[in-house]
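The values are calculated or read from the model by the stated rules, or taken from the named source; none is laboratory data. Just so it is clear, the structure is predicted and the values come from calculations on it, not from any experiment. Every residue, glycine as well, gets a Cβ built from its backbone with ideal geometry; the counts of neighbours run over all protein chains shown. Accessible surface is based on the protein model in full, side chains and every heavy atom, while ligands, DNA and RNA are left aside. Shrake-Rupley method; radii C 1.70, N 1.55, O 1.52, S 1.80 Å.
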Amino acid sequence: MLMSVLSPQTALNCRISSWAIGFTCLLGLGSFSANLAFAEQGKTDTKQAETSKQASSQKTSSQKTEDQAETMDSLWAIQPNDTLGSAGFVDFDQSGAPPRFNWDRLDRDRASDKVFIEHHGYFRFRADLMNNFDLNTYDVSNRRGTSQYLPPLTDREGSNQKESDSLSSANLRFRYEPTLHATERFRVHAVMDIPDNLVLGSMPDGGPLSIRQRPDALFDGLSGTQTPIDGALRLRHVWGVWENDLARVDFGRMRHHWGLGLMANGGACLDCDFGDSVDRIQVTTQLFDLYLSLSWDFVAEGPSGFGVIDQVMGQSWDWDQRDDVDQYSLSIGNRAISPKELAQQRENLKAGKSAFEWGFYGILRSQQNAGAYRDLESTQAAPDTPDPLEGGYTLYPARLEMFIPDLYLSWKVQPTPKTEYSLKFEAVGTFGDLNHVPLASFAAQDDQACEDPSLPVEQCPESQVYQPKKRSISAWGYALEFDAKNGNVRYGLHHGGATGDDQSGFFGGSDYLPQGALADPNTYDPNLNGFRFDRDYIVDMILFREVLGGVHNALYFKPYFGYEVPKGLDSFWGLKASAIYGMAMNPEYTAGGESGLGLEFDVEAYLLQTNRFRASAAYGILFPMGGLNLRANNQVVKQAETAQTFQLNMGIMF
């Protein structure tokens, strides 16, 4: 068994050095910047407000109505809908986030030290009818199919009921996003769900599945109420912000989002389910027309806890420094962020000018050693003691080095007041090397082996010598979104793709063995090429979102067409129809061994009151293709069949 040979003193020196480098970069960035835009922001906004008030008295009534709508929108620091059209007609729009009020736009004492809380969030209700989401490819003997959905309980092994294809469910979420303003320069953000996707009808007080079964309610039909929820609060993010004249400092567990959300997606849209977090210390400043950010991230620290004495309410600590994942990031770009910049961008668009934004996000990640359990029997629970002999926990050399570049581009133009065009693009890659797979199942492997198993390494030709524990990482994905508006008509084309691997999840192996790329140490695959879009980057209703769990080893093409009818200043009725075709980038890595994945049609009718309420009814139907068939011994044993869904969604935003 390979063990780490780093001495405690050497590891400590390396760790202290990395801390010193990280803090030096962060503090150096703040001292390097001399931009006083933050200090001048209040004066500029006040002057602009006075000028606007004088000019407004000279405008016509129609112009005043338009300005009222713009003034209302300008109060929102982060617009709920950043695509074309304020109604957010695209149900799967990633920018359909709840509003965040821009208090700096209000007349208040900027020097006030009064503490106040800013309240935001949403309440969401969703009801889904799902027909044949398992595609009728579920194999009872292997307990697996070509969809991540399982058939109904009564349609699985051991059931004597009739076959059933439909599932229906309803759930709700209350998301609360408070911001505590300690002073003008200091605030604390939090994001929590209370509850998170609670299934309606769950937790009855009667029946065998009840948490606290009533003695007089022996089955579900006698239930009288729902059991109160214990521990319903799920804290997702909490972080602090310190703004000064030189830079902005963010620290804590914060929402992680970049670009369209392919790699990092904060999950802020009304229909999102997940939401990425990052533990980091970040400094952001403005250099000329560019925003520059540097961060030091805490990706994974390994097991943590207490010592010999269990200090339940005390401070726990990381049990070992040598298994930590170190990460540093840099982002630079030119985009409108401040209220002044956003207002100027809107004025430029009204004048017929185009708005171009770009950003680059680079991540460096490394891990010298990784902790793992000594045997498979120890993987049922995390170690509860810092003693590796008692905890069954040890270190294996990993020597992981990764670089993750992400490029984002955005272009908008408004030739006429009723015509707009938008083009957005994001490309991300993951590149690196893993010199030793740090898993106990790989510990018995030699550092070198021969492709001819009958020859020892010493007698093996150099061209046939390989390293069983080494893996090369090379994966990438991209997405392109073109959106257009012409009066009440909306249309566009979305396209994207992601690389795949022969053992990387839902497309695992020719016989569809749903194993990861590192599941079998006896199967040598030198490359890790699978990239999967973030699960909150939603492109459809069934194929990628539900059946495959994200865009992976695939290319997709999605044209759409919509029509909106305004009802008042900020309310809209709308109808949208879209089609999406998915095909495998590498057909040999699919379950069915074919290129085509499926053709899906979606249609949605909705009502939207901007920043306040959204209700919709949507229908989707998927016609799966050969790539989703189930094979065994290179023979198709089950063909994928049509899947359908009907969904009702309602959300109140504040």
Subset of segment 132-168 (residues that are modelled with pLDDT of 90 or more and surrounded by fewer than 14 Cβ atoms within 10 Å (Cβ to Cβ)): Ser168
Exclusive hit being over 25 Å from Met263 (Cα atoms), acidic (Asp, Glu) and modelled with pLDDT of 95 or more, set Glu600, Glu594, Glu604: Glu604
So Gly371, is it at pLDDT below 90 and assigned to a strand (DSSP E or B): yes
Extreme residue, farthest from Asp245 (Cα to Cα), among residues of segment 294-309 that are out of contact with any Phe, Trp or Tyr (no Cβ under 9 Å at 6 or more places or on another chain) and part of a strand (DSSP E or B): Ala300
Residue within segment 310-326 that is closer than 30 Å to Gly432 by Cβ, modelled with pLDDT under 90, open to solvent by 70 Å² or more (accessible area, probe 1.4 Å) and part of a strand (DSSP E or B) present: yes
Unique residue being loosely packed, with under 15 Cβ neighbours inside 10 Å and acidic (Asp, Glu) when the list is Glu588, Glu600, Glu641: Glu588
Subset of segment 563-585 (residues that are open to solvent by less than 60 Å² (accessible area, probe 1.4 Å) and more than 23 Å from Ile652 (Cα to Cα)): Ala577, Ser578, Ala579, Ile580, Gly582, Met583, Ala584, Met585
Set Gly549, Gly593, Gly651: member being assigned to a loop (DSSP other than H, G, I, E, B), under 24 Å from Arg535 (Cβ atoms), touching a Lys or Arg at 6+ places or on another chain (Cβ under 7 Å) and not polar (S, T, N, Q): Gly549
Hits in segment 413-465 (condition: touching a Gly at 6+ places or on another chain (Cβ under 9 Å), charged (D, E, K, R) and part of a strand (DSSP E or B)): Glu420, Lys424, Glu426
Residues (open to solvent by 50 Å² or more (accessible area, probe 1.4 Å) and among the small types (Gly, Ala, Ser)) located in segment 434-473: Ser441, Ala444, Ser454, Ser463
Residues that are closer than 21 Å to Arg545 by Cβ and open to solvent by 70 Å² or more (accessible area, probe 1.4 Å), drawn from segment 608-638: Tyr619, Phe623
